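Reading through the structure tokens given below for one structure.
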């Protein structure tokens, strides 16, 4: 499966976040805390939700350890950061080049897709991983734990030619 390659413009997000690892996965608690309050965000750009991972260092994937911590966000895109609800924070998602993979299935089956992206597609691609946030766009087609659920996986990349 070939992704589409997109240049993302900077996005303003508002949401909540937690520190976690893959071993100590707190995704469920993060979203359970965010969803009851998401309607307090008044300047949404659209109805999509953003599930974002911010990795501390560039070598997170090179030295992959499922016990390594990262920051996970539950967020929405907003027009500006002028109205941030209590208990939420602002985040500016930097623009740049992304490989966008459509995904259909449950979160439990997602590991197979990420294995494909990082172990098969990326090593053979004209790109390398860039050190920017990774995220998923959860649109109206997203249905948690439904095999027909759809989302987009956005992986930050840069051309291999920029490495010289």
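Read-outs: derived from the displayed coordinates by stated rules, not from any lab. Source: prediction; values computed, not measured. Neighbour counts run over all protein chains shown; Cβ positions are idealised from the backbone, glycine included.
Below is a table of values for the structure above.
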read-out	value
Fluctuation leader among 80, 56, 146 - the chain, Gaussian network, Cα springs under 10 angstrom	146
Highest-fluctuation residue, 48, 130, 109 considered, GNM on the chain with Cα pairs under 10 Å	109
Choice from 45, 14, 54 with maximal GNM fluctuation in the chain (Cα, 10 Å cutoff)	45
Which of 1, 113 has the fewest Cβ neighbours within 10 Å, and the rest in rising order	1, 113
22 Å tail of the calculated P(r), the chain, as % of Cα pairs	44 percent
Whole-number percent relative contact order across the chain, with pairs defined as alpha carbons under 8 Å at least 6 apart	31 percent
Ranked 17, 81, 57, criterion: other C-beta atoms within 10 Å, fewest first	57, 81, 17
Neighbour-count order for 35, 20, 52, fewest beta carbons within 10 angstrom listed first	35, 20, 52
